[in-house]
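Comments concern the structure below.
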Amino acid sequence: MISKNQVKLIRQLEQKKYRQREGLFVAEGPKVVGDLMRRWQPATVFATDDYTPPTAVEVQRVTADELRHISLLQHPQQVLALFPLPNVQRSTFNVQRSIILALDGVQDPGNLGTIIRIADWFGIDDIVCSEDTADAWNPKVVQATMGSIARVNISYTNLPALLDRLPADTPVYGTLLDGDNIYSQPLSARGIIVMGNEGNGLSAEVRRRVTHRLLIPSFREGDGAESLNVAVATAIVCSEFRRSEK
């Protein structure tokens, strides 16, 4: 039996202020919850009788109707779990040996979740977000990652200040409309790739710190799409970087 306080808590965790106050976030479905369990111990697990956890954890069994009552999804899937918020503050990154993905003001939870999934696919371990980027522990973001949030380290910081602290020879790549064609540029196996806001692109402060300006060219002449979705653009950029390593 789920208590009224438990229902209230889950509903509150849709909002960032309550996630921060309680130190918890919500994940749902066998895939997402299972991947998270392999990295973090859940605080509470609510699951129907047909769900078997991948690790040894205590499960509070609920009926399908009870799960629907507490779920934040339109179609609940066997399990809802509460996990402790991880420490998302980092000050140093191994930019001398790997590629780091940075997000400058990405606002849409779906875009952020997809970008986290893209980073996981291309073997990028760290995403550093500007302070005005959407919260990675928003339930919509968590679900959109399809479990990838368990394998990618996500932190929030003052992005211009972070870029200023990097070693002087660190390449900072940014996608800009006045950039150079990405398909003809030499791309490094280390450094930072910065992707910007859905509507405005990179902020002026970050743009000034970009050392390598890249453009994903359009192949349609005349009228056509004005821009690419930021998640789609991120996938193209990450793919080019990985291809250039071959």
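The values are calculated or read from the model by the stated rules, or taken from the named source; none is laboratory data. All values derive from a computational prediction rather than experimental measurement. Glycine gets a Cβ as well: all are built from the backbone with ideal geometry, and neighbour counts include every protein chain shown. Side chains are part of the model used for accessible areas, which takes the heavy atoms of the whole protein and leaves out ligands, DNA and RNA. Shrake-Rupley method; radii C 1.70, N 1.55, O 1.52, S 1.80 Å.
Restricting attention to the range 184-196, and to residues there that are loosely packed, with under 13 Cβ neighbours inside 10 Å and over 16 Å from Arg97 (Cβ atoms), which single residue is farthest from the chain's Cα centre (by Cα)?
So, considering only residues that are loosely packed, with under 13 Cβ neighbours inside 10 Å and over 16 Å from Arg97 (Cβ atoms), the one farthest from the chain's Cα centre (by Cα) is Ser184.
For the range 44-57, state whether one or more residues are within 20 Å of Ala144 (Cβ to Cβ) and not in a strand (DSSP E or B).
no
I'm told Glu205 meets every condition in (1) within 30 Å of Glu28 (Cα to Cα); (2) in a helix (DSSP H, G or I); (3) not hydroxyl-bearing (Ser, Thr, Tyr) except one. Can you identify the failing condition by its number?
Only one criterion in (1) within 30 Å of Glu28 (Cα to Cα); (2) in a helix (DSSP H, G or I); (3) not hydroxyl-bearing (Ser, Thr, Tyr) is unmet by Glu205, namely (1).
Being under 18 Å from the mean Cα position of the chain (by Cα), modelled with pLDDT under 95 and among the aliphatic types (A, V, I, L, M) narrows it down to one residue among Val26, Val88; which is it?
Val88
So which residues in the range 152-163 are farther than 15 Å from Arg208 by Cβ and open to solvent by 10 Å² or more (accessible area, probe 1.4 Å), if there are any at all?
Correct list: Asn153, Ile154, Tyr156, Thr157.
Quick check on my filter: what residues within the range 164-181 are at pLDDT 95 or above and surrounded by 22 or more Cβ atoms within 10 Å (Cβ to Cβ)?
Scanning the range 164-181 gives Tyr173, Gly174.
Restricting the search to the range 114-138, which residues are surrounded by fewer than 22 Cβ atoms within 10 Å (Cβ to Cβ) and not in a loop (DSSP other than H, G, I, E, B)?
Result: Arg117, Asp120, Trp121, Asp126.
Kindly indicate whether Arg220 is closer than 19 Å to Ile118 by Cα, at pLDDT below 95 and not aromatic (Phe, Trp, Tyr).
Taking the combined requirement at face value, the residue does not satisfy it.
All but one of (1) open to solvent by 10 Å² or more (accessible area, probe 1.4 Å); (2) in contact with a Pro (Cβ under 9 Å, 6 or more places away or on another chain); (3) over 14 Å from Ile149 (Cα atoms); (4) not β-branched (Val, Ile, Thr) hold for Trp40; state the number of the condition that does not hold.
(3)
Being in contact with a Pro (Cβ under 7 Å, 6 or more places away or on another chain) and closer than 15 Å to Leu80 by Cβ narrows it down to one residue among Gly29, Gly34, Gly23; which is it?
On inspection, the qualifying residue turns out to be Gly34.
Looking only at residues that are open to solvent by 50 Å² or more (accessible area, probe 1.4 Å) and touching a residue at least 24 places away in the same chain (Cβ under 8 Å) in the range 16-29, which one is farthest from Lys140 (Cα to Cα)?
Gln20
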